[in-house]
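Visitor: Can you read through this structure? Questions will come right after.
The values are calculated or read from the model by the stated rules, or taken from the named source; none is laboratory data. Keep in mind it's a predicted model, so treat the numbers as computed, not measured. Cβ placement follows ideal geometry from the backbone for every residue including glycine, while neighbour counts extend to all protein chains displayed. The accessibility values were calculated without ligands, DNA or RNA, using every heavy atom of the protein model including side chains. Shrake-Rupley method; radii C 1.70, N 1.55, O 1.52, S 1.80 Å.
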Amino acid sequence: MIEIRDVTPDEYEVVGDLTVIAYVGGGFVEAHDPYTERLRDTAGRVEKADVRVAVIDGRVVGSVTIADPASPYADVAQPGELEFRMLAVSPDARGSGVGSALVRHVLDTAYDRGDRAVVMSTQPSMEAARRIYDRNGFVPVAERNWHPVPGVELTVLVRELV
């Protein structure tokens, strides 16, 4: 069974490492990129957003950061939307439903808050993650795509709730 809950301070390092492994090890971010430190900084994320973990048999196997539009961790969320980012699943837990459980948790959180939509940004090369988003009803909104740095275009996906 997959348990989804708030991260605890004693798990910050594990979540930071897991997130870096998912993004750098997955080939989505270069190891020397300054963004790597932001991926690792779980404590910083917790101060300005919500960080949830997926736990199986007492072990953290995934995490996601959830940000409302006022958070500095929200890159594309507009009023009435909830944004998630830094979705990461341990390599040995991939294919076990952890990513889907985290995405469904974000959708449930947004619904409970009364938000009208959930938004997120993804890279075209994140094919496995994209399958999760597609299965959960996210659709691309091309006019909201953006470039965090020159040469990197992120696709914005939106899942309407109402």
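Visitor: Taking the Cα centroid of the stretch 11-79 and of the stretch 110-144, what is the distance between the two, rounded to the nearest whole Å?
Guide: 17 Å
Visitor: Show me 126-132, 141-147 ranked by packing, highest mean number of other Cβ atoms within 10 Å first. Working shown, then result.
Guide: On the way: 126-132: 15.7, 141-147: 11.0.
For the peptides 126-132, 141-147, the packing ranking is 126-132, 141-147.
Visitor: Just need the relative contact order of the chain here, percent rounded to a whole number, with Cα pairs under 8 Å and 6+ apart. Walk me through the numbers on the way to the answer.
Guide: Values: 291 pairs, mean separation 30.5, N = 162.
Worked out over the chain, it gives 19 percent.
Visitor: Per residue, how large is the accessible surface of the stretch 1-60? Use a 1.4 angstrom probe and give square angstrom. List each step's numbers first, then the result.
Guide: Values: 3460 Å² over 60 residues.
Using a 1.4 Å probe on heavy atoms only, each residue of the stretch 1-60 averages 58 Å².
Visitor: Taking all protein chains as present, what is the carbon and sulfur share of the accessible area of the chain, in % to the nearest whole number, probe 1.4 Å? Could you put the intermediate results ahead of the total?
Guide: Details: 4200 of 8220 Å².
Carbon and sulfur together cover 51 percent of it.
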